[in-house]
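Okay, structure first, notes after.
The values are calculated or read from the model by the stated rules, or taken from the named source; none is laboratory data. None of the values given here were measured: they were computed from a predicted structure. A quick note on method: Cβ atoms are made from the backbone with ideal geometry, for glycine too, and the neighbour counts reach across all protein chains shown.
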C-alpha cells in the first residue's frame, strides 16, 4: 500500500467495522489484500457496542437469575438479587475489552484504519471526512459497504434519553431509574429484551401491533413452547395495540392507546425494528441504487449495480442479523480473491432468538418446503429424555429436522431449548443438503450431551420415513 500520493490506494476498502465489515477486512488481509477499513463512530459497529454482544452479556446474566429456581434442589442457597446498573457496567467492561482485541488484530494484520465519514466521489474513489483533519481520499480496486442499520422509530414515538430509548441507546448510558418498563415491538429484539428486563428486576409491560415473531418461519410447537415459557415469567405480549400518543413528564411516560386506554411507565424501550443505514454515503455518485425500503440493490454475488462494489449485512440483507453479515463477508472475499461465482444460501445461515427459551433455526419449515415442491419428512427428538438435559434441570425443548421425503436431503432444522444457539451450528456445517443427514449419522458424539439429540432426530427421521438407506447407507 502506498501513502506517498495524497490518494491512499488499496486493493479493498471496507466501509463500516461491524461484524461483516470487520470480518471482511480480516479475511481480506489474511488472503493477501491491502485493506483500508473506515469507521465513522465506534469501532466494532452496532453489534459490538449496542447490539448482539452487550445484549448476549445481559442475556447470560438473565439466565443465571432464572437458574436459581433449581438452587434448593441442588443444595444451593438463594435468592439472587438483580442489579441492572451493575449489569450495565459488566457489559461495558466486556465490550471495551473485545474492542481492544479487535483493533490489536487489525494492527497485527497491517490493516489501515481510518476514522471518519466515508462518501463516494465516483465508483473508484472515496472521501473520508473527519472534523479534526483534512479529508482523506481513498482509491480502491474493490469496495465493501457494510454500514449496517439503525433503529426504526415509529410514530408517535420519539427518542428521548432517559425516557424513550431505542435499543441502540440502551448501552450508551446506565439504565434509567424506575422499575416499570414498557417494551414496544414483537420481533426478535423485543422478545429478547422483554425477557432480559423481567429477569433483571424490571416490571415489564410488553406491547406491539403484531403477533410475536411474526416474520420468523417457526413451527407451531416451537412458537407455543416459547409463548408458554414467557408466560411462566409473567410475560404476555399484548398485540394488536394502536398507539395514539405519548406524554413524557418528569415522573413517568404515559402511553395513550387506542380505545381510550392510558398506561403509565417509568421508561420505554423501543424494539421496533431497524432500517438500512446509507445516509451520507453519496451512493448516487457511484451509480448504486437502493430499493423502495432503502436496502442497497445487489445480485446473487452480493455485487451492487457496480460490479467491484459489494454490499453486505443490514444495509442490504432484509434479515438484518450479524450471522448473515459474517457469512456474506466470507462469500464476498472469496469472490474478490478467486474471481469465481459464489452463491450464499441465506437459508443455511442460523437465526437465533435468546429469550425464555433459546430458539434456533435454519433452512425451510414444512410450509416453505411444500411451496418449493418438496414433500417434507420430519424427525423429532425431545430434551425431556436427554441425560444431559435431565442432569441440568433444563429439559424443555426439542430438535426438529425437515428433510425431503424422496431424496433424504436436509431442508431445515429447528432447535428449542438451552444452548440451541450453539447446537444449530452442527446443521449449518454439513457439507451439503443431500448428504447432511448421513454426515450427522456417521458422527461420534460426546455422551451425555445435548448434541446427541440431533443424532436422535436424524435417526428417528430415517426410520419413520423409510430413509434408512440414504441416511445410514452412505
Could you count how many residues in the range 2-19 are buried (at least 24 other Cβ atoms within 10 Å of the Cβ) and either at pLDDT below 85 or assigned to a loop (DSSP other than H, G, I, E, B) (or both)? 3
Quickly run through the range 393-411 and pick out the residues that are at positive phi and surrounded by 24 or more Cβ atoms within 10 Å (Cβ to Cβ). 397, 408
Output the residues belonging to the range 87-114 that are under 30 Å from residue 284 (Cβ atoms) and surrounded by fewer than 16 Cβ atoms within 10 Å (Cβ to Cβ). 113
Mind counting the residues in the range 327-353 that are surrounded by fewer than 19 Cβ atoms within 10 Å (Cβ to Cβ), in contact with a strand residue (DSSP E or B) (Cβ under 6 Å, 6 or more places away or on another chain) and more than 15 Å from residue 424 (Cβ to Cβ)? 0
Suppose we keep only residues that are closer than 17 Å to residue 420 by Cβ and touching a strand residue (DSSP E or B) at 6+ places or on another chain (Cβ under 9 Å) within the range 354-366. Which one would you say is surrounded by the most Cβ atoms within 10 Å (Cβ to Cβ)? 359
Residue satisfying all of: in the range 428-458; touching a residue at least 24 places away in the same chain (Cβ under 8 Å) and over 24 Å from residue 349 (Cα atoms); surrounded by the most Cβ atoms within 10 Å (Cβ to Cβ) among these: 448
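Here's the yes/no breakdown for (1) over 30 Å from residue 60 (Cα atoms); (2) in contact with a helix residue (DSSP H, G or I) (Cβ under 7 Å, 6 or more places away or on another chain); (3) not assigned by TED's automatic domain parsing to the domain that holds residue 216:
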{"residue": "404", "(1), (2), (3)": "yes, no, yes"}
{"residue": "440", "(1), (2), (3)": "no, yes, yes"}
{"residue": "459", "(1), (2), (3)": "yes, yes, yes"}
{"residue": "463", "(1), (2), (3)": "yes, no, yes"}
{"residue": "466", "(1), (2), (3)": "yes, no, yes"}
Residue list for the range 189-211, filter: part of a helix (DSSP H, G or I), closer than 17 Å to residue 234 by Cα and in contact with a strand residue (DSSP E or B) (Cβ under 9 Å, 6 or more places away or on another chain): 190, 191, 192, 193, 194, 195, 196, 197, 198
Condition met for residue 461 (crowded, with 17+ Cβ neighbours inside 10 Å, in a strand (DSSP E or B) and in contact (Cβ under 8 Å) with a residue 24 or more places away in the chain): no
Just for the range 213-231: of the residues that are in contact (Cβ under 8 Å) with a residue 40 or more places away in the chain and part of a loop (DSSP other than H, G, I, E, B), which one is farthest from residue 270 (Cα to Cα)? 219
Please verify whether the range 123-132 includes one or more residues that are over 30 Å from residue 30 (Cα atoms), at pLDDT below 95 and not in a helix (DSSP H, G or I). yes
Checking residue 43 against (1) under 20 Å from residue 354 (Cβ atoms); (2) within 28 Å of the chain's Cα centre (by Cα), the condition it does not meet: (1)
Scan of the range 73-84 for residues that are surrounded by 13 or more Cβ atoms within 10 Å (Cβ to Cβ) and outside any loop (DSSP other than H, G, I, E, B), ordered by number: 84
Which is under 23 Å from residue 166 (Cα atoms) and exposed (fewer than 15 other Cβ atoms within 10 Å of the Cβ), of 238, 209, 274, 220? 238
Out of all the residues in the range 367-379, is one or more modelled with pLDDT of 95 or more, touching a strand residue (DSSP E or B) at 6+ places or on another chain (Cβ under 9 Å), farther than 23 Å from residue 323 by Cβ and assigned to a loop (DSSP other than H, G, I, E, B)? yes
Being out of contact with any helix residue (DSSP H, G or I) (no Cβ under 8 Å at 6 or more places or on another chain), surrounded by fewer than 14 Cβ atoms within 10 Å (Cβ to Cβ) and closer than 30 Å to residue 284 by Cα is the requirement here; does residue 151 meet it? no
Does at least one position in the range 170-188 carry a residue that is outside the structural domain of residue 65 (by TED's automatic domain parsing), under 18 Å from residue 56 (Cβ atoms) and assigned to a helix (DSSP H, G or I)? yes
Among the residues listed as 324, 308, the single one being touching a helix residue (DSSP H, G or I) at 6+ places or on another chain (Cβ under 9 Å), surrounded by fewer than 21 Cβ atoms within 10 Å (Cβ to Cβ), in the same structural domain as residue 51 (by TED's automatic domain parsing) and in contact (Cβ under 8 Å) with a residue 24 or more places away in the chain: 308
Is it the case that the range 242-260 has a residue that's under 24 Å from the mean Cα position of the chain (by Cα) and modelled with pLDDT of 95 or more? no
